[in-house]
Amino acid sequence: MKKLLNLLFIVCLYPLCGQGQTLINAKASPETKNLYKNLFKIQEDKTLFGHQDALAYGVGWKYEQGRSDIKSLTDDLPGIYGWDLGGIEHARDKNLDGVPFAKMREYIQGAYQRGAVITLSWHWDNPLTGGSTWDTTAHTVKSILPGGSQHEKYKLWLDRGAAYMHSLTGPQGEKIPVLFRPFHELNGNWFWWGPNTTSVNDFKQIWKFTIDYLIRKKALNNLIIVYNTNSFKDEKEFMLNYPGDQYADVLSFDKYQFDGNGKAFIESTRKELAILTRIAQAKHKLSAFAETGYEAIPDATWWTQTLWPTIKDFPISYVLVWRNAGFMKSMDKMHYYAPYPGQLSAPDFQEFYKNPSLLFEKTTATHKLYQ
Ligand code: BMA
């Protein structure tokens, strides 16, 4: 009998018993649970392709109903859409990049109804200094923890974000599942939650507080929680701020190519993807390449010769490129990560699009991820 029990115990450590598909929130909605479970299947041999702010604007245009730079090239849309909540903490009606939250909600509802997936990040301002998300001059995280001087303000900000996420509803009034990626690029020194101003312990505490507050107190049963670092050198760095298996559903990192050395990008990113894959599999968590790109894509074959060779051997649920802002006066340069008609890498992107392992919206829809 004991042998049998032991055997059952061992067998049940395997994903067959469903352990690999259990969200941290046992009360997650049926659509959210289904999405999570289906993304595990998808990532075995497919990857959703994503684009930030895809429907709101592109290079040379803004807010044209039905338009998207990716659509202009492929007659299709991304399989996963990224949007950012920055500004909702002040109850503003537009986010930090000018996207009206009401329009964002419509885009999210439309994408969900067409069968695509939604991920949200939050470039929120610094609650202690009043500066921007990039203000790293103060020990902000300590100040927003329970007992800290800004804790009440922080809760109000979470309330506002939570109200917005509750307002994302489908046709039956069901809450639209969201891959929520708070405190992103957590090992980078450019956000107020970065390691230059935040101890590991404080980071883990604010993460746990935030997730408990949103999921348990605010009953956001539509969240799938994404842990996200920037580029990292080893497992130790990737895991340094990891809040524990009860506080993350997806493990991910961001990494951009910054120079013409695509070979170096492929090699170094593959090393990181191998580490990510190993950890995620051991923990039965989903993995994702949450942000990538090569600004203004000055490489004609970046899609098929750099991005694809980088990701092709790894089970990642999605890869997402950042926003197509076009020319940015403040930066005095072009800032975009997906091609548009006439862009140097456009023909290569059209080839990349044909790859059956990459899911854009039309093929994503066939997988009925919410059922
Ligand atoms: C950054 C840039 C900024 C933008 C921010 C939030 O990477 O694109 O211009 O404000 O993301 O979307």
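Here are some notes:
- Contact map, the range 43-57: first residue farther than 17 Å from S252 by Cα, second residue outside any loop (DSSP other than H, G, I, E, B), Cβ cut-off under 6 Å, separation 6 or more or different chains; pairs are A54/P78; A54/Y81; L55/Y107.
- The one condition in (1) farther than 25 Å from H51 by Cβ; (2) surrounded by fewer than 21 Cβ atoms within 10 Å (Cβ to Cβ) that L214 fails to fulfil: (2)
- The one condition in (1) at negative phi; (2) open to solvent by 10 Å² or more (accessible area, probe 1.4 Å); (3) touching a residue at least 24 places away in the same chain (Cβ under 8 Å); (4) not charged (D, E, K, R) that Q172 fails to fulfil: (3)
- Per the listing K255, K271, K233, the residue uniquely in a strand (DSSP E or B), over 30 Å from S29 (Cα atoms) and free of Cβ contacts under 8 Å to residues at least 40 places away in the same chain is K255.
- Residue that is nearest to the ligand (Cβ to nearest atom), among those in the range 79-100 that are open to solvent by less than 10 Å² (accessible area, probe 1.4 Å) and of a type in the set (G, A, S): G86
- Where helices (runs of 4 or more DSSP H) fall entirely within the range 88-204, those with at least 2 residues that are modelled with pLDDT of 95 or more and over 18 Å from K218 (Cβ atoms) are at 101-113, 140-144.
- Any hit, the range 104-119, residues being more than 16 Å from the ligand (Cβ to nearest atom) and within 12 Å of F191 (Cβ to Cβ): no
- Selected residue (only one of T306, T292, T301, T310 is within 16 Å of the ligand (Cβ to nearest atom) and under 21 Å from R270 (Cβ atoms)): T292
- The set of residues in the range 198-214 being under 10 Å from N241 (Cα atoms) and either among the hydroxyl-bearing types (S, T, Y) or in contact with a His (Cβ under 7 Å, 6 or more places away or on another chain) (or both) consists of S199 alone.
- Residue in the range 278-298 that is hydroxyl-bearing (S, T, Y) and in a loop (DSSP other than H, G, I, E, B) present: no
- Matching residues, the range 186-210, being of a type in the set (A, V, I, L, M, F, W, C) and either open to solvent by less than 10 Å² (accessible area, probe 1.4 Å) or on the phi > 0 side of the Ramachandran plot (or both): L186, F191, W192, W193, F203, I206, W207
- Of all residues in the range 295-311, those satisfying the criterion of being touching a strand residue (DSSP E or B) at 6+ places or on another chain (Cβ under 9 Å), over 26 Å from P182 (Cβ atoms) and open to solvent by 20 Å² or more (accessible area, probe 1.4 Å) are A296, D299, W308.
The values are calculated or read from the model by the stated rules, or taken from the named source; none is laboratory data. Small disclaimer: the values here were computed from a predicted structure and weren't measured. Cβ sites come from the backbone with ideal geometry, for glycine too, and all protein chains shown count toward neighbours. Accessible surface is based on the protein model in full, side chains and every heavy atom, while ligands, DNA and RNA are left aside. Shrake-Rupley method; radii C 1.70, N 1.55, O 1.52, S 1.80 Å.
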